[in-house]
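Q: A single structure is presented below for examination.
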Amino acid sequence: MPTKKRTRKKEKKSFTYYEITNGKLVRRLKKCPRCTSFMAHHKGENARYTCGKCAYTEYQTAPAIK
Ligand SMILES: [Zn+2]
């Protein structure tokens, strides 16, 4: 008797698009000005948005000039 492998449905995490800050619903993601797809938000020293499609990168805060 052959065993059927069940493929799990991959569930997309829903944290991506919205974030609740101080009781307000804030859209986190920007749309890429080039290809209008959603951009990924990278946190860290240089917070930035990166487009996964066309690799467009936009810095959220201007990098400090030293
Ligand atoms: Zn893009």
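Rule-based calculations on the coordinates, nothing more; no lab input. All values derive from a computational prediction rather than experimental measurement. Virtual Cβ from ideal backbone geometry, glycine too; neighbours counted across all protein chains shown.
Q: Which residue is farthest from E19 (Cα to Cα), if the candidates are limited to the range 29-47 and must be within 13 Å of the ligand (Cβ to nearest atom), in a loop (DSSP other than H, G, I, E, B) and not charged (D, E, K, R)?
A: Selected residue: C35.
Q: Any idea which residue in the range 48-58 is farthest from the ligand (Cβ to nearest atom), counting only those that are surrounded by 12 or more Cβ atoms within 10 Å (Cβ to Cβ) and of a type outside the set (S, T, N, Q)?
A: The qualifying residue farthest from the ligand (Cβ to nearest atom) is R48.
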